[in-house]
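These notes concern the structure reproduced below.
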2 protein chains.
Amino acid sequence: MSTAINSAWHLASRPTDLPSAANFAWRETTLPALADGQVRVRTIWLSIDPTNRIWMNDADSYLPKLELGEVMRGIGIGRVEESRDASLQAGDIVQGMLGWQHYSVSPAKALSKLPPIPLPLSAHFGLLGHIGLTAYFGLTDVAQARAGETLVVSAAAGAVGSLAVQIGKNLGMRVVAIAGGAEKCRWLSDELGADAVIDYKVEDVAAGLARTCPDGIDVDFENVGGRTLDAVLGNLKLGARIALCGLISQYNASAPEPGPANLAQLLMQRGRMQGFIVLDYLDRAPEAAEKLIAWHLAGRMHYRLDVSDGLESAPAALSKLFSGANTGKVLVRVSAE
Amino acid sequence: MSTAINSAWHLASRPTDLPSAANFAWRETTLPALADGQVRVRTIWLSIDPTNRIWMNDADSYLPKLELGEVMRGIGIGRVEESRDASLQAGDIVQGMLGWQHYSVSPAKALSKLPPIPLPLSAHFGLLGHIGLTAYFGLTDVAQARAGETLVVSAAAGAVGSLAVQIGKNLGMRVVAIAGGAEKCRWLSDELGADAVIDYKVEDVAAGLARTCPDGIDVDFENVGGRTLDAVLGNLKLGARIALCGLISQYNASAPEPGPANLAQLLMQRGRMQGFIVLDYLDRAPEAAEKLIAWHLAGRMHYRLDVSDGLESAPAALSKLFSGANTGKVLVRVSAE
């Protein structure tokens, strides 16, 4: 297999606004033979996330920028097919930056061997992994969320948002979910237990927050930014905390977007806004996984997958994230488990 | 004295941008006789602060809004002339919301008796009091400033900013000061010990921060907001903290000002921005005063007063704050000590 054919999506150009298939080039290459310390992995699941869009920019972010021509960066789950490192062996299931490709060759130490779980492999992306860690530690650690407080979650029908809503409920919070469209809002209130929902397609978010949070907001799990964040800032309670998880409203802007005009409210209400990145919490993954699995098995934590079949579908799956067409976690099934 | 004549500046109209003398009306009234629990105080010093502008708005802030026709709110130091409360007696020196007036009648419990200090009475406003507390706890508590870190202070030649610069130096930080004009910048570097200065009148602040903070900013003591805050956000180091003390660039805006476009950097750098108000630290005042007095007596903490004589000058003194004409703490001497 050391001369196996690989196929991959390479970054061909950088989007100025929405990412599209035109930004990627499909190429077939020959995989190199393994060096000592390396493993070859067959990709099974590819996670499609808003942050993928950040990686396409011509700038370093919390990770170094991707050069044009490189295989598109992506978090994947795969099976080790060949190993030249003692820490992994053929058949092991691993997670890491496998990229948008069928096969990858990486140093074994760049990958994490996944522990067995009483759930399908895809739960590592839908419930656990970077999604679950982000929602769990964003609320418990960054925002110091407490029972009885009012939590607002934006992009609440998204992968991270829908977990944040349910974690908030499991922590004993009153949860207000912001999402677009009647179907998503129904899912959030009827199945995920949100106490109130704001459909931003039919109601002004600032008005919706004034309606649903008459006593103000204690915690905001912020995925959107822009006007949504501004509306949140205008409704803060004294000592409020904003866990700044994402700013999806701004990722596709070709020019800098104005920030929140209501920033003075952070001052008046002695509020705290804190950015965080899941990479800082990887060493605490077992703590989150234990809670999330227990809640799920008790029927108190649901997740929904939005699966596209075949590596070819990856660019379209990414576009879907920014049009609001997805409900739950967007995944690409690259090969069979 | 129970029928003494009082004179005062009353709030006559609300400014739409810069405050001016036209917003105030000078009135003479007769002071009421004291009720049980009340004291009459003669104002000696009146503190003029950027936050006075916030109090003139038609909106509650961290304090209830002031109604039109009321005596302008202001923090003052005065001498008790008559007391009908056991906790204070004639001759005591007190601080509190005395207002822009020669005499005030207040409940004794709304005032703080000032402890004796080895400095002139005006040091309670120039070095200690709300100014010193703001600078001291903004750095040590809100921003968790540490020796060896790089600190940026905006409006650094102002009352709070100039103390923040020196507290940073006394804590062992590298301090970059932003101010407008050669004289202020010279004072900051030659007398207050700033390691680098940015004169925003001759250098773009973002370029100045890139020049003076090549490794990024650990702590920002933010007094200005707007474009200054945006420039800071663009130069954050990983794990940076922004102590949001004031947003003087925005207080006079009649329409909402756009917030910082660089907010995404707070996310990328896992930064924390936290608003605070000195009122939350009043019970820890002795802790700050002890440090500030000791540093001052050791020659490591200077303060500069910008004194206007006579209550009549209060509106002009307030305007001065927003034109950048002051260096150091703006005070009005209402009567002799």
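Just so you know, all these numbers are worked out from the coordinates, no wet-lab data involved. Because the structure is predicted, anything quoted here is derived from the model rather than measured. With ideal geometry, Cβ positions are generated from the backbone for all residues, glycine too; neighbour counts draw on all protein chains shown.
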Q: Just add up the charged neighbours of B:LEU111: K/R +1, D/E -1, any other residue whose Cβ is under 12 Å from the Cβ of B:LEU111.
A: +2
**Q.** Distant alpha-carbon pairs in the range B:212-317 (separation over 18 angstrom), percent
**A.** 66
Q | Using a Förster distance of 30 Å, the FRET efficiency for B:LEU63-A:ARG146 (Cβ separation, nearest 0.05) | A | 0.65
Q: For the protein assembly as shown, compute Rh as the Kirkwood radius over C-alpha pairs and then the Stokes-Einstein diffusion coefficient at 10 °C and 1.306 mPa s; write the answer in µm²/s, rounded to an integer.
A: 57
**Q.** In the range B:21-64, the trypsin sites (Lys or Arg not before Pro) that fall in loop regions by DSSP, at most 14 other Cβ within 10 Å
**A.** none
Q.
How far, in nm to one decimal, is B:GLY299 from itself in the other copies if the label point is set 7 angstrom along Cα toward Cβ? Shortest first, please.
A. 7.7
Q. Just from the alpha-carbon atoms, what are the Rg and Dmax of the range B:129-279 in angstroms?
A. 13.9, 41
Q: At 4 °C and 1.567 mPa s, grab the translational diffusion coefficient of chain A from Stokes-Einstein with a Kirkwood Rh over Cα pairs, rounded to a whole number in µm² per second.
A: 63
Q: Could you tell me how many degrees, from 0 to 90 and to the nearest 10, lie between the Cα long axis of helix B:159-170 and the main elongation axis, the longest principal axis, of the Cα atoms of chain B?
A: 50
Q: Determine the percent antiparallel among the DSSP beta bridges restricted to the protein assembly as shown, to the nearest 5.
A: 55
Q: With r as the distance between the Cβ atoms of A:ASP280 and A:GLU191 and R0 = 22 Å, compute the FRET efficiency 1/(1 + (r/R0)^6) and round to 0.05.
A: 0.10
Q. Copy-to-copy spacing for A:LYS65, label 7 Å out on the Cα-to-C-beta vector, in nm, shortest first?
A. 4.7
Q. Net charge near B:ARG241, counting Lys/Arg +1 and Asp/Glu -1 over other residues with Cβ under 9 Å of its Cβ?
A. -1
Q.
If each label sits 7 angstrom from Cα along the C-beta direction, how far apart, in nm, is B:GLU191 from its counterparts in the other copies?
A. 6.8
Q: Taking just the C-alpha trace of the range A:29-74, give me its Rg and Dmax in Å.
A: 13.4, 35
Q: Kindly list the residues of the range B:124-143 that lie in the label zone of B:LEU297, defined by a backbone N under 19 Å from the point 7 Å along the Cα-to-C-beta vector.
A: B:124-129, B:132-133
**Q.** Listed pairs A:LYS65/B:LYS169; A:LYS113/A:LYS329; A:LYS237/B:LYS320 exceeding 25 Å between Cα atoms
**A.** A:LYS65/B:LYS169; A:LYS237/B:LYS320
Q. Using the alpha-carbon atoms, what tilt in degrees (0 to 90, nearest 10) does helix B:314-323 show relative to the longest principal axis of chain B?
A. 10
Q: Summarise the partner chain shielding of A:268-281 as one whole number: the mean count of Cβ atoms from other chains within 10 Å of each residue's Cβ.
A: 6
Q | Pairwise label distance in nanometres, B:SER323 with B:ALA90, each label 7 Å out on the Cα-Cβ vector | A | 4.3
**Q.** Two-site FRET efficiency, A:ARG14 against A:LYS237, from Cβ-Cβ distance with R₀ of 51 Å, rounded to 0.05
**A.** 0.80
